[in-house]
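K.L.:
One structure coming up, written as structure tokens, with questions to follow.
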Amino acid sequence: MQAKKKSTELYLEPDLKYSLYEAAVQDPIQQAEVFEKIYREKHGEQPHILREDFCGSFLISSEWVKRDSKNRAIALDLDPAPLDYGKRTHLASLSPSQQKRLSVYEQDVLEATDLQADVIGVCNFSFFIFHQRQTLIKYFEQARKSLLEGGVLVLEMAGGPSFIDAPFEEDRDVEYDHGEQEGEPWFTYRWTHRSFEPLTHNGVYTIGFTLETGEKYPDAFVYDWRVWTLPEVQECAREAGFSDIRVYWEMVEGEDDEEESTYEWITEAGSEYETWIAYVAAFV
């Protein structure tokens, strides 16, 4: 018998909170493939050491150590709650060998690490939490110190007129992707632009969830971001000492549920995009 739907707002316990987030916005296989592609197109070989900044539950790092027995991952985040969830779920599910190759730190990304990486990956626009140019440059400088020779800082970004349009809401239905309920409706994911200030490029964005059983969590995640532009980020990266900076643009093929995204190095994007997603790759 189908559970009776409720209409109520409840406390969102951490395990559910982070599992919903991962299902809604993360694709660790694709993100790992993007990191590999960017490094390989520069050097002709695979990277093996990843540092995942703003890692949350370090889902990408967990995927990284599974991909190759030579791979190592370093996961950094200041928030202990998602780190704890990741340790109890993702880290615990790895083999002993994979666990040894994954290091998790509750640490500020503004501090350099002694462990150096081939790739430092920043996904889901996380570095938008830095509102000031000098702070962004400091982050880039510290990241550069933590990269091996030829290493790359990879930054996922979004922009375009629709990304700064406010107020704005977009809903997407998400199904269970494994287990006995695979393919059945799980929750509705709501992405909201609450406000945007053109003079500062600061905006407030939220993620909310409504479960198929009726529970509502409208402000599960709230972000106070500076929406950096591609020219600004490239200029700051050059000022921080990066030498070769490339933009990988999202190319979408197919329609609706059959859409697939790839990312290609471009030097000109055109003007037809209402919203775009891209990765800035800054090489040492």
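K.L.:
Condition (residue is over 30 Å from residue 150 (Cβ atoms), among the acidic types (Asp, Glu) and modelled with pLDDT of 95 or more) applied to region 249-270: is it met by at least one residue?
P.N.:
no
K.L.:
Quick one: which of 190, 194 is more than 24 Å from residue 55 (Cα to Cα), assigned to a strand (DSSP E or B) and among the basic types (Lys, Arg)?
P.N.:
The unique qualifying residue is 194.
K.L.:
Got at least one residue in region 16-25 being at pLDDT 95 or above, farther than 18 Å from residue 52 by Cβ and of a type in the set (D, E, K, R)?
P.N.:
Looking for residues that are at pLDDT 95 or above, farther than 18 Å from residue 52 by Cβ and of a type in the set (D, E, K, R), one finds at least one in region 16-25, hence yes.
K.L.:
So, residue 117, is that one within 17 Å of residue 31 (Cα to Cα), surrounded by fewer than 20 Cβ atoms within 10 Å (Cβ to Cβ), of a type outside the set (S, T, N, Q) and in contact (Cβ under 8 Å) with a residue 24 or more places away in the chain or not?
P.N.:
Judged against the criteria, residue 117 is not a match.
K.L.:
Return the only residue of 232, 180, 169 being exposed (fewer than 15 other Cβ atoms within 10 Å of the Cβ), acidic (Asp, Glu) and in a helix (DSSP H, G or I).
P.N.:
232
K.L.:
For region 198-210, does any single residue satisfy the condition of being in the same structural domain as residue 149 (by TED's automatic domain parsing) and of a type in the set (A, V, I, L, M)? Before you say what the answer is, go through the steps one by one.
P.N.:
As a first pass, look at region 198-210 and keep what is in the same structural domain as residue 149 (by TED's automatic domain parsing): none.
No, region 198-210 contains no residue that is in the same structural domain as residue 149 (by TED's automatic domain parsing) and of a type in the set (A, V, I, L, M).
K.L.:
Next question. How many residues does region 23-65 contain that are in a helix (DSSP H, G or I), crowded, with 19+ Cβ neighbours inside 10 Å and in contact with a helix residue (DSSP H, G or I) (Cβ under 7 Å, 6 or more places away or on another chain)?
P.N.:
Total meeting the criteria: 9.
K.L.:
Among the residues in region 205-223, are any loosely packed, with under 15 Cβ neighbours inside 10 Å and within 30 Å of residue 146 (Cα to Cα)?
P.N.:
Yes, there is a match, as at least one residue in region 205-223 is loosely packed, with under 15 Cβ neighbours inside 10 Å and within 30 Å of residue 146 (Cα to Cα).
K.L.:
Check off (1) out of contact with any helix residue (DSSP H, G or I) (no Cβ under 9 Å at 6 or more places or on another chain); (2) exposed (fewer than 14 other Cβ atoms within 10 Å of the Cβ) for residue 244 and give me the number that stays unchecked.
P.N.:
Condition not satisfied by residue 244: (1).
K.L.:
Any residue that is out of contact with any Pro (no Cβ under 8 Å at 6 or more places or on another chain), under 21 Å from residue 124 (Cα atoms) and among the polar types (S, T, N, Q) - is there at least one of those in region 49-69?
P.N.:
yes
K.L.:
Now, a different point. From (1) surrounded by fewer than 22 Cβ atoms within 10 Å (Cβ to Cβ); (2) within 21 Å of residue 30 (Cα to Cα), pick out the condition that doesn't hold for residue 100.
P.N.:
(2)
K.L.:
What is the one condition in (1) farther than 19 Å from residue 239 by Cα; (2) buried (at least 17 other Cβ atoms within 10 Å of the Cβ); (3) of a type in the set (Ser, Thr, Tyr) that residue 162 does not satisfy?
P.N.:
(2)
K.L.:
Looking only at residues that are in contact with a strand residue (DSSP E or B) (Cβ under 6 Å, 6 or more places away or on another chain) and buried (at least 23 other Cβ atoms within 10 Å of the Cβ) in region 66-82, which one is farthest from residue 95 (Cα to Cα)?
P.N.:
Taking the candidates together, the pick is 76.
K.L.:
Evaluate the following for residue 240: is it in contact (Cβ under 8 Å) with a residue 24 or more places away in the chain, within 21 Å of the chain's Cα centre (by Cα) and under 21 Å from residue 133 (Cα atoms)? Steps first, please.
P.N.:
Values: in contact (Cβ under 8 Å) with a residue 24 or more places away in the chain: yes; within 21 Å of the chain's Cα centre (by Cα): no; under 21 Å from residue 133 (Cα atoms): yes.
No, not satisfied.
The values are calculated or read from the model by the stated rules, or taken from the named source; none is laboratory data. What you see is a predicted model, and the numbers here were worked out from it, not measured in a lab. Cβ atoms come from the backbone with ideal geometry, glycine included; neighbour counts cover every protein chain shown.
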